[in-house]
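Read the structure below first, then the notes.
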Amino acid sequence: MEKEENNLMDKIMSLCKRRGFVYQGSEIYGGLAGTFDYGPLGVALKNNIKTLWWKKFVDGRDDMYGVDAAILMNSAVWKASGHIDTFTDPLVECTKCKKRFREDTLKEKGVCDDCGGKTGTARQFNMMFQTQIGAVEDSSATVYLRPETAQGMFVNFKNVVDSFHPKLPFGMAQIGKAFRNEITPRDFIFRVREFEQMEIEYFIKDVDWEKYFEYFRDEMLAWMESMGIDMNKVHELEVLKEDLAHYSKRNEAFSPSY
Ligand SMILES: [Zn+2]
C-alpha cells in the first residue's frame, strides 16, 4: 500500500513538473531539500486559490480585518509565544552513517532508515530558521523567520482595535510565507521548509467556542466545494484529545483521500 502511494506521489510530482506547475527548488544546482518553485501554471492556480479565500473570508465579511505583517519579527514575540523554548522536534543521528532523522518518523525506533545502523539519543531541535539582523553579530541581533503567520496577527490586535474599534466577535486574517527547518521534509509540497499559509484568528467569547467551531468548519467545507474540489475525496480528521496543542479545545484537519 505504502509503495503504491509513493508511486502515485512520484507520478503527481513529475506531472506537476512537466505541465509547468511545480519544480524542485534550485534544481539545476542540485536542488534544496524542502523547497519548491511554482511555475507559470502553478503560480496562477495558487493566486486563484488565495483570491477566492480572501474574497470569501475577508472582503466578503464585515467582521474580518486583513493584515500583512513582516516575516522578521522581534525575538521577544517568539519568546512570549513559547516557540523559542518549545517549537522543537526530536532529532536523532545515526551512529554509523551520521545521517539525521526526526525520531518519530523512523520506520523502526532506534534504527537508521538508510543504513540500518543504530541511532543515538534524541535531542530537541528547534525548527525556527535563525538569522542576524544588522551588522552586529551578537545574540541581541538574532531574529527568526516566522514559523507561523498567527503571531503577526496577535501583535497587531491592539492596532486593529484602536483603528477600527471592532466588537466581539471579529477576526483577523493573513496570507503569507512561513518557514520551518524540518529535519526530514517529505510528501512533495505537503511537508516543506518554506510554505505559504492562509490563516484566520477569530476572537470570540469563550462560552461561544463550540458554535463558532461548527460555523467555521461549515464555512471551510463550503469554500472547498466552491473551488471545485470533489467533496467525496475530502477526509475530515478529528485530532485526538491527547494530541491537541495546549491552547486547543478541539482541532479538526482536512486532508485529501485517494
Ligand atoms: Zn545510518
Item to check | Counted residues, the range 137-183 - those being closer than 24 Å to residue 85 by Cα and assigned to a loop (DSSP other than H, G, I, E, B) | outcome: 12
Checklist entry - In the range 104-119, is there at least one residue being of a type in the set (Gly, Ala, Ser), within 16 Å of the ligand (Cβ to nearest atom), within 26 Å of the chain's Cα centre (by Cα) and assigned to a loop (DSSP other than H, G, I, E, B)? => result no
Item to check | Boolean, residue 46 is among the basic types (Lys, Arg), on the phi < 0 side of the Ramachandran plot and touching a residue at least 60 places away in the same chain (Cβ under 8 Å) | outcome: yes
Item to check | Residue within the range 192-211 that is assigned to a strand (DSSP E or B) and more than 22 Å from residue 152 (Cα to Cα) present | outcome: no
Checklist entry - Residues in the range 46-75 that are modelled with pLDDT of 95 or more and part of a helix (DSSP H, G or I): how many? => result 14
Checklist entry - Which members of the range 128-155 meet the condition of being free of Cβ contacts under 8 Å to residues at least 40 places away in the same chain and not polar (S, T, N, Q)? => result 134, 135, 136, 137, 138, 141
Checklist outcome for this item: Of (1) modelled with pLDDT of 95 or more; (2) surrounded by 16 or more Cβ atoms within 10 Å (Cβ to Cβ), residue 87 fails just (1)
Next on the checklist: So if I check each of 193, 180, which one is touching a Ser or Thr at 6+ places or on another chain (Cβ under 9 Å) and buried (at least 18 other Cβ atoms within 10 Å of the Cβ)?
Outcome noted: 193
Checklist entry - Looking at residue 213, is it surrounded by 12 or more Cβ atoms within 10 Å (Cβ to Cβ) and either more than 28 Å from residue 9 (Cα to Cα) or in contact with a helix residue (DSSP H, G or I) (Cβ under 6 Å, 6 or more places away or on another chain) (or both)? => result yes
Checklist entry - Applying the selection to the range 91-103, what residues are aliphatic (A, V, I, L, M) and away from the ligand (no atom under 12 Å from the Cβ)? => result 91
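The values are calculated or read from the model by the stated rules, or taken from the named source; none is laboratory data. On a predicted model such as this, the values are computed, not experimentally measured, just so you know. Every residue, glycine among them, receives a Cβ derived from its backbone with ideal geometry; neighbour counts consider all protein chains shown.
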